[in-house]
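Everything below concerns the one structure shown next.
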Amino acid sequence: MPKEAFVSDFIKRVSKDVKLPRRVRIFDTTLRDGDQTPGVSFTTDQKLLIARQLDRLGVDTIEAGTPVSSEGERKAAAAIAKAGLNAEICGLARPIKEDVDAALECGVDCVHVFISTSDLHLKHMLKMTREQVLQRAVEYVRYAKDHGVTVEFSAMDASRTDLGYLKQIYQATVEAGADRINVPDTVGVITPRGMNYLISQLKPIIKVPISVHCHDDLGLATANSLAAVEAGAEQVQVAVNGLGERAGNASLEEVVMALWALYGAKLNIRTKLIAETSDLVERLTGIPVPPNKAIVGENAFVHVSGIHAHGVLEFPGTYEPISPELVGHHRRLALGKLSGRHSVEKQLRSIGVKATKVQLAEITRRVKDLGDKGKRVTDVDLRAIAESVIGALPPEEKVVELKEVTVTTGITITPTASVRVAVRGEERVGSATGVGPVDAAITAIRNVMKEISALRLKEYHLDAITGGSDALAEVTVKLEDDQGNLYIAKGVREDVVIASVDAMINGVNRYFAGRK
Ligand code: MN
């Protein structure tokens, strides 16, 4: 077991039943099955960006797409194949000449040939006999192999295929030259024990590496992938953030970290890049990662209960099975009714406030009070509470002061904003255009303040405090620096644009205060 992970002794008791391979290959299908996520359709540029990131991350294979399906798919696969990446680049193909040729023409290193093998698919979809399917698979595995590429063969819907036939088609395709065989649980209907049995049945007769491809229809994709590895499977197909058809594929981050932390498996992955890879894919797909998602969710390393927070502050292993730094994430203590003095003190320190024992007790009491009223206590609230308990913070903490904002906007004109700010007393003027007045104003601030180029606007949230068009607008911004520190700030005004600018300036001041 890796010493950075704090795992259960029970794992050791069952380790004699685990036939862990020497090394587990990670085959990433974010750009192929992930591209089949409802609402996702990658452009060539987006695919190339993600492929480069996956290569930095260290995946063994990047499945770039299905070249035969469109001109764009072909261009993307060819561009990725030419990008000089370390990973093996793979293209998906049915056992049809046109499909295999399209993949070969892209210059991929590997052709992934697949065909359905379950009687269910044969009868209702392919209208082919088992013999016809087997013959077709063998023919095109050999055809691809004859062109000098690595060939992986998938028996689609393997988990619902007759075992005797499955063994037969895998053996035949291996004889025809397949370098790896993949076992897809195409609709996510196997159990961990079932998967373990299936792989154990194939292992003695298949002399090439065995791969699995699990879907999450019943939330078992990660468990089933691990069960396959326990039975000796040498490769797992995964997608970043668990993207893919329907409920998606086994998620890269979960499978990789479970293999690393719980099995001590050998992998090529640079785990520190997992969070930023997930962020990139989230940004480019627009598919949000749920806050409670394992490993990469916003809450994955947030501690709420005072007991937990206290434990983590004393020794992180008490409530963190792996450390957030290991995956490029960060630890946070959330304040509320369950918070204790330790977390409040730690959070105060992180926003640059020192309190005496008596003050700390009073601040903690007020934090719990707000929590009891159903409120999550943000850094802004904490600062406001601290200010009222300790006394106002010195005005010299305010590095940036907003002097003036002007915006013009309309249907036929480009939204434009000009701002005047004082940075440590020095006046600066700048302007910018944007997709809307808020965007223009925030860009204008960024333009006059190069010192905040590392700050990323992670979240922007607008609330109307009361109803009606004269309502007060409350804008909350969440800024993140390059160290992963978060700065949350609010602005409350009658005007949405000014409230946004205020929130941004408050966040920037918080950032500067934190850096002193
Ligand atoms: Mn799939």
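At-a-glance table
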quantity: Cα-only Debye scattering, segment 1-151: base-10 log of I(q)/I(0) at q = 0.09, 0.11 Å⁻¹; calculated: -0.39, -0.55
quantity: Over 23 Å between alpha carbons, listed pairs K398/K490; K398/K450; K293/K373; K293/K346; K127/K207; calculated: K293/K373; K293/K346; K127/K207
quantity: Convex hull of Cα atoms in the chain, direction-averaged projection (nm²); calculated: 28.5
quantity: Rg(Cα)/(2.2 N^0.38 Å) for segment 216-354, N = residue count; calculated: 1.18
quantity: Relative packing of peptides 339-348, 201-210 - highest average C-beta neighbours within 10 Å first; calculated: 339-348, 201-210
quantity: Pairwise FRET efficiency - K272 versus E131, Cβ, R0 = 51 Å, nearest 0.05; calculated: 0.55
quantity: Q359-K123 pseudo-label distance in nm [points 7 Å out on the Cα-to-Cβ vector]; calculated: 7.6
quantity: Orphan Cys of the chain, criterion: no other Cys C-beta under 4.7 Å; calculated: C106, C214
quantity: Segment 395-514 - convex hull of the alpha-carbon atoms, volume per residue in Å³; calculated: 102
quantity: Dipole in debye (nearest 20) - segment 253-341, about Cα centre, beta carbon charges: Lys, Arg +1; Asp, Glu -1; calculated: 140
quantity: Compactness relative to 2.2 N^0.38 Å, alpha carbon Rg of segment 9-284; calculated: 0.93
quantity: Cβ-based charge dipole, the chain, positive-most Cα from I205, T443, H461; calculated: I205
quantity: For peptides 145-153, 63-71, sequence by mean Cβ density within 10 Å, most packed first; calculated: 63-71, 145-153
quantity: Rounded to whole Hz, the Karplus (6.51, -1.76, 1.60) HN-Hα couplings of segment 376-388, x for glycine and proline; calculated: 7, 8, 7, 4, 5, 4, 4, 5, 4, 5, 4, 4, 6
quantity: Bins of 10 Å from zero: percent of alpha-carbon pairs in segment 302-391; calculated: 18, 50, 26, 6
quantity: Solvent accessible area, Å² - R332, 1.4 Å probe, full protein context; calculated: 50
quantity: Cα-centre dipole for segment 302-391 with unit charges at Cβ (Lys and Arg positive, Asp and Glu negative), debye to 20; calculated: 220
quantity: 222 nm mean residue ellipticity, helices alone, for the chain (DSSP H n ≥ 4; -39,500 (n - 2.57); rounded to 500); calculated: -11500 deg cm²/dmol
quantity: Reachable aspartates and glutamates from K403, criterion Cα separation under 14 angstrom, eight or more residues apart if same chain; calculated: E426, E427, D502
quantity: Rounded percent of accessible protein surface that carbon and sulfur make up, the chain, 1.4 Å probe; calculated: 52
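The values are calculated or read from the model by the stated rules, or taken from the named source; none is laboratory data. Source: prediction; values computed, not measured. Counting neighbours? That spans all protein chains shown, and the Cβs are built from the backbone with ideal geometry, glycine included. For the accessible areas, the whole protein counts, side chains as well, though only heavy atoms, and no ligand, DNA or RNA atoms are used. Shrake-Rupley method; radii C 1.70, N 1.55, O 1.52, S 1.80 Å.
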